[in-house]
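These notes concern the structure reproduced below.
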Amino acid sequence: MESKKIIVPVDFTTASGKAIALAMVIAKRAHCSITIFHVLNNDSPLKRKTEPSEVEDKLQALADKVGNEGINCQTVIANGNIFDEIPAIANQPENFMLVIGTHGVHGIKQILLGADILNIVRQISIPCMIVQEDFVYEKLNPIVFPVGAHSGFRQLIDATAMMARLFDAEVHIYSVSRVGEQMSDKIKQNILLAEQVFDEKSITYKRVKDDSTIVSVGYAKQTIQYANSVGAGMIAIMSVKSAEHYYFAQADKENMINNPYNIPVMCLNGIENS
């Protein structure tokens, strides 16, 4: 992966600092470079007060810290709207992952809250790692992998296998069983596909089928509870909604991203970058 890059959008807050820190951990294992960038939104009164030279200096200071760890780091300043510019930069062919910090449900820092980040990452074809501002890196093992009824699920399987290999992590293929509910054929197919791919790639995994213990419309709360109980280092999900769980999927995904245990969430939209 020497020619590949990890992309990190920053707003010079604690959350983006945590994103850079995790990007450095991944870059060292994947032997890739990092590009950190800031979007100047000229429509914002706050951004109009920010001199480009000030942004350049701040970006360079961050790049120097990354460089001091032996990682090649570039900086980019873009002008425009974050919802347009972040996907445009991330979808360039030399990039293999985006790492982005979120401020959760409180406070607005360049609008990067959980719901807004979902709107961004759904436009991005590479894996997107979402990091909360209170995240402290210890390990990315095990990886909790809740299975959905998505088409394009193979891409999430492959990305999860890549992370499992980089971090020598065990993958927990996870689902929740409710009384009176039958698992759909599509979810069964995606579980079998995940097992097949992980076997082919020699990824350590186990199948976990929990009985429902939490009263909730969706599955996020129980998935998060399980992830915390096993000390998960990462959760892997699809960023887009499946037709099967369309009506509660948005709330479920926001709950995952804003989980109270600050577990990073990797997501994919399942659409190949053309």
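Taking the criterion of being farther than 18 Å from LYS5 by Cβ, at pLDDT 95 or above and of a type in the set (Val, Ile, Thr), would at least one residue in the range 155-162 satisfy it? Yes, the range 155-162 contains at least one residue that is farther than 18 Å from LYS5 by Cβ, at pLDDT 95 or above and of a type in the set (Val, Ile, Thr).
Among the residues of the range 175-183, is there at least one that is of a type in the set (Asp, Glu), within 23 Å of GLN250 (Cα to Cα) and in a loop (DSSP other than H, G, I, E, B)? Taking every residue of the range 175-183 in turn, at least one turns out to be of a type in the set (Asp, Glu), within 23 Å of GLN250 (Cα to Cα) and in a loop (DSSP other than H, G, I, E, B).
Output the residue which, of all residues in the range 152-174 that are out of contact with any strand residue (DSSP E or B) (no Cβ under 6 Å at 6 or more places or on another chain) and not in a helix (DSSP H, G or I), is nearest to GLY17 (Cα to Cα).
Only one residue fits best here, namely ASP168.
Filtered by the rule that a residue be aliphatic (A, V, I, L, M), crowded, with 19+ Cβ neighbours inside 10 Å and either within 18 Å of ALA161 (Cα to Cα) or at pLDDT 95 or above (or both), the range 225-274 gives ALA227, ALA232, MET234, ILE235, ALA236, ILE237, MET238, ILE263, VAL265, MET266, LEU268. Please verify whether ALA149 is surrounded by fewer than 23 Cβ atoms within 10 Å (Cβ to Cβ) and either in contact (Cβ under 8 Å) with a residue 40 or more places away in the chain or part of a loop (DSSP other than H, G, I, E, B) (or both), treating the condition exactly as stated. So ALA149 fits the description; yes. Considered as a group, the residues in the range 152-194 that are of a type in the set (Asp, Glu) and closer than 23 Å to ILE224 by Cβ include one that is surrounded by the most Cβ atoms within 10 Å (Cβ to Cβ), and that residue is GLU170.
Scanning the range 11-28 for residues that are part of a loop (DSSP other than H, G, I, E, B) and without any contact (Cβ under 8 Å) to a residue 60 or more places away in the chain yields a single hit, PHE12.
Taking the criterion of being surrounded by 19 or more Cβ atoms within 10 Å (Cβ to Cβ) and modelled with pLDDT of 90 or more, would at least one residue in the range 102-119 satisfy it? Within the range 102-119, none of the residues are surrounded by 19 or more Cβ atoms within 10 Å (Cβ to Cβ) and modelled with pLDDT of 90 or more.
Scanning the range 2-24 for residues that are within 13 Å of the chain's Cα centre (by Cα) and acidic (Asp, Glu) yields a total of 0.
The values are calculated or read from the model by the stated rules, or taken from the named source; none is laboratory data. Remember, predicted model here, so these are calculated numbers, not experimental data. No Cβ is skipped: glycine too gets one built from the backbone with ideal geometry, and neighbour counts run over all protein chains shown.
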